[in-house]
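J.: Mind looking over this structure? Questions follow.
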C-alpha cells in the first residue's frame with residue numbers, strides 16, 4: 001500500500017495532506033535507528049566498562065596479587081586454566097548437542113507429521129525459556145545420579161584411557177557440566193537448524209527422490225549439503241551460549257584450577273563465568289579487578305567465536321542459499 | 001544503603017514475628033528462662049532502672065559478617081525491650097569494622113580477629129583510654145559425614161585422622177586409624193570423599209587453623225580462607241557443601257554446627273577422649289583457652305586453644321569479638337552501647353542467638369559472662 005505512494009509524497013511535501021503517514025514514517029525511522037545505534041552503544045559501553053575496570057589487573061604483576069587468596073602467580077597463569085575449562089565444557093556440550101539437535105531438526109522438518117512437528121517445535125522453544133539455575137539444580141539433583149553408574153562403568157572398564165581415569169562419586173566433574181550445558185544449548189541450535197532445513201529447495205529434494213533415492217539418501221544429497229553453513233552457524237550460536245553459562249556450572253561442578261583432560265575427575269576444571277560468581281561476593285580491590293579482567297577475556301573469546309562463525313558462513317554462502 | 005536498611009528491617013520484622021510466635025508457643029520455656037535468671041535479672045533490672053527511659057537514641061556498629069544472623073536476633077530483642085533505641089549493624093567484614101571503629105564512624109564493631117598492636121593503640125586513642133573486646137559470638141563448626149548406617153552415632157576421629165582424611169592420605173572408612181578409635185562400631189569398606197567450601201570463608205579459615213594447630217605433622221598447609229588442597233569435591237556456601245555431602249555416601253565435610261541436620265557428626269579427639277559437638281563443649285574451649293598476650297580486664301581476647309587437651313572442650317569453633325569503647329563522648333552512646341552489649345552477653349541474648357533459626361551459636365559460659373559484664377560496667381561518658 002505504502003510502497004506506491006512515495007513519489008506522490010514528495011510532490012505533495014508541505015501541503016500537510018499526508019501528514020499522519022509522514023509523521024509515522026519519521027517516528028518509526030527514529031525508533032529503528034535509535035534501536036540500531038543502541039546496540040552498538042551498549043556493546044561499546046560493556047567493552048569500555050570491562051576494559052576500564054580490568055585495567056589495574058591487566059597491568060598488575062604477580063606481587064600485587066599476593067593478597068588475593070584465589071590467585072597464585074600473575075593474571076595469565078590464573079586465567080589460563082579457567083579459559084581451558086570454559087572451552088572444554090563448551091566443546092563437550094557441543095559434541096553432545098550437535099548430533100542431537102540435527103536429529104531433532106531433521107525429524108521436525110522431514111519426518112514428523114505436520115501437527116506433531118509443530119508441537120515439538122513449541123516444546124523445544126519452551127526448553128530455551130527455562131532459567132539456567134533450574135537447569136543447574138536439575139542437573140545436580142536428577143541428571144547426576146543418573147549418569148553416575150555410566151561414569152563408574154566407563155572408569156572401571158576404560159580407565160586405562162587417561163580421559164576416563166579415576167572417577168569418584170559424586171559426579172561433579174566437567175563431563176556432567178558439559179552434559180547440562182548440552183541440554184541448555186539444544187533448543188537454540190535446533191531452532192536455527194530446523195529453519196535452515198525447511199528452506200531446502202523443494203526441487204532439489206524432488207530431483208533426488210526422482211533419481212530413486214530413499215528418504216535418508218535424499219537428506220544426505222539435498223538437505224544436509226544445503227544446510228551446512230546453517231548448521232555451522234547454529235553450532236557457533238550454541239557455543240557462544242555455553243561459554244558464558246554461569247549458574248548451572250556453579251551448581252553442578254566441583255571447581256579446580258588444572259589444565260588436563262581427566263573428564264571424570266572432580267575438582268579439576270572451572271569456567272570463567274562460574275568462577276566470577278563464586279569469588280565475587282567476598283572480593284574487594286584488585287581481586288574484583290582480576291575477576292572483571294577474566295570477564296573481559298571471556299567477552300573477547302565469545303566475540304571471536306561469533307566472528308569466526310560469521311566468517312565461515314560468509315565463505316560458504318555462495319555454495320548454498322541459507323542466508 | 002537504603003536497600004540494606006530495608007532488608008535488615010525486613011529481617012528484624014521476620015525475627016520479631018518469629019520471636020512472638022515462639023513466645024506464644026513456648027510459654028513454658030520462656031517462663032523457665034525468667035525464673036532461672038532471677039539473680040542476674042535483678043541486677044539487670046536495677047541497671048535498667050538507673051538508665052530507665054534514657055535508653056533511647058541511635059548507635060551504629062559494623063563489622064564481621066559471620067555475626068550477621070546473631071546480631072539481627074540481638075538487635076530485634078534489644079529494640080523490643082527498648083522501643084526508643086535504634087541500634088544498627090552493617091556487616092561490612094571484620095577489617096572494615098575495625099577500621100570504622102578506630103576512626104569513629106561506628107560506636108561498636110564486630111570482628112573475627114582481635115585488634116593487633118597498632119590497631120589497639122589507635123583504638124585506645126579513639127576511646128580515650130580503655131578498649132573493650134569481648135568474645136560474645138561462639139559458633140561451633142561440626143565435621144559431618146554421610147554414612148547412612150552410622151549417621152546416628154558419632155564416629156570418633158582424632159586430630160591426626162581428621163587432618164589425614166582432609167589431606168587425602170586416609171582414603172577408606174575402614175582405615176586402621178579409624179577402626180582403632182572406634183572399637184564399638186563396624187565401619188564399612190567405603191571410600192572417603194572429603195568435601196570442602198569452594199568459596200573464601202571464615203568457616204574454612206577456622207577449620208584449617210584447627211588442623212594446622214592440632215595436627216601439625218599431618219596438615220602442612222597454612223591456615224587460609226580458601227581451601228588449600230586441589231582436586232577435591234567442593235560446593236559453594238554451606239548449602240552447596242551439604243548438597244555434595246548428601247549426594248554420595250562416604251563423604252565428610254565441615255559446616256556450621258547449626259546446619260548438621262540428618263547427617264552424622266564426628267566426635268573430635270581431645271586428649272585421650274572424644275568430644276562430640278555441643279554448645280557447652282564449644283563454650284568450654286573458649287574458657288580454657290589462655291588469655292592473649294595483650295589481654296586485660298576489659299580486653300578479653302584469647303589465644304584459642306585448638307590443640308587443647310582439656311576434657312569436654314570442643315576445639316573447632318569460630319569466635320567473633322564485639323568491640324566497644326570504655327569512654328564515649330556522649331551519654332547516649334555510652335548507655336546505649338553498654339545496654340546493648342549487656343543484653344548480648346545476657347543469658348537471654350545468648351540463648352536467642354543459639355536458636356537454630358537465628359544463628360545456632362553456642363552461648364558463652366557464666367564465668368565468661370561475669371568477666372564481660374565487669375568489663376561492660378566500665379563504660380561511661382566523659
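J.: Which of (1) at pLDDT 90 or above; (2) buried (at least 20 other Cβ atoms within 10 Å of the Cβ); (3) within 14 Å of chain A (Cβ to nearest Cβ); (4) in a loop (DSSP other than H, G, I, E, B) is the odd one out, the single condition residue B:170 does not satisfy?
T.: Unmet for residue B:170, out of (1) at pLDDT 90 or above; (2) buried (at least 20 other Cβ atoms within 10 Å of the Cβ); (3) within 14 Å of chain A (Cβ to nearest Cβ); (4) in a loop (DSSP other than H, G, I, E, B): (3).
J.: Evaluate the stretch A:70-80: report whether one residue or more is outside any helix (DSSP H, G or I), surrounded by fewer than 18 Cβ atoms within 10 Å (Cβ to Cβ) and touching a helix residue (DSSP H, G or I) at 6+ places or on another chain (Cβ under 6 Å).
T.: Checked the stretch A:70-80: at least one residue is outside any helix (DSSP H, G or I), surrounded by fewer than 18 Cβ atoms within 10 Å (Cβ to Cβ) and touching a helix residue (DSSP H, G or I) at 6+ places or on another chain (Cβ under 6 Å).
J.: May I pose another question? For the stretch B:233-253, which residues satisfy the criterion of being more than 7 Å from chain A (Cβ to nearest Cβ), over 16 Å from residue A:249 (Cα atoms) and assigned to a helix (DSSP H, G or I)?
T.: Answer for the stretch B:233-253, where residues must be more than 7 Å from chain A (Cβ to nearest Cβ), over 16 Å from residue A:249 (Cα atoms) and assigned to a helix (DSSP H, G or I): B:238, B:242, B:245, B:246.
J.: For residue B:228, which of the numbered conditions (1) part of a loop (DSSP other than H, G, I, E, B); (2) crowded, with 22+ Cβ neighbours inside 10 Å; (3) within 14 Å of another protein chain (Cβ to nearest Cβ) fails to hold?
T.: The number of the failed condition is (2).
J.: State whether the residues of the stretch A:134-150 include one that is away from chain B (no Cβ under 14 Å), touching a residue at least 12 places away in the same chain (Cβ under 8 Å) and either crowded, with 16+ Cβ neighbours inside 10 Å or within 28 Å of residue A:301 (Cβ to Cβ) (or both).
T.: yes
J.: Being part of a loop (DSSP other than H, G, I, E, B), touching a residue at least 12 places away in the same chain (Cβ under 8 Å) and more than 12 Å from chain B (Cβ to nearest Cβ) is the filter here; which residues of the stretch A:151-171 pass it?
T.: The answer is A:165, and nothing else.
J.: In addition: With respect to residue B:271, is the statement that it is in contact (Cβ under 8 Å) with a residue 40 or more places away in the chain, more than 25 Å from residue B:147 (Cα to Cα), surrounded by fewer than 17 Cβ atoms within 10 Å (Cβ to Cβ) and assigned by TED's automatic domain parsing to the domain that holds residue B:153 true?
T.: yes
J.: Additional query: Identify, please: which residue in the stretch A:247-264 is in contact with a strand residue (DSSP E or B) (Cβ under 7 Å, 6 or more places away or on another chain) and within 7 Å of another protein chain (Cβ to nearest Cβ) and is, among those, nearest to residue A:88 (Cα to Cα)?
T.: If we take residues in the stretch A:247-264 being in contact with a strand residue (DSSP E or B) (Cβ under 7 Å, 6 or more places away or on another chain) and within 7 Å of another protein chain (Cβ to nearest Cβ), then A:255 is nearest to residue A:88 (Cα to Cα).
J.: Filter the stretch B:309-344 down to the residues that are closer than 15 Å to residue B:283 by Cβ and surrounded by fewer than 21 Cβ atoms within 10 Å (Cβ to Cβ) and list them by number.
T.: Scanning the stretch B:309-344 gives B:310, B:311, B:312.
J.: Could I ask something else about it? Kindly establish whether residue A:300 is away from every other protein chain (no Cβ under 14 Å) and surrounded by fewer than 21 Cβ atoms within 10 Å (Cβ to Cβ).
T.: Criteria met by residue A:300.
J.: Among the residues of the stretch B:176-185, are any out of contact with any helix residue (DSSP H, G or I) (no Cβ under 6 Å at 6 or more places or on another chain) and assigned to a strand (DSSP E or B)?
T.: Scanning the stretch B:176-185, I find no residue that is out of contact with any helix residue (DSSP H, G or I) (no Cβ under 6 Å at 6 or more places or on another chain) and assigned to a strand (DSSP E or B), so the answer is no.
The values are calculated or read from the model by the stated rules, or taken from the named source; none is laboratory data. Everything quoted here is computed from the prediction, not taken from an experiment. Positions of Cβ are generated from backbone atoms using ideal geometry, with glycine treated the same way; all protein chains shown enter the neighbour counts.
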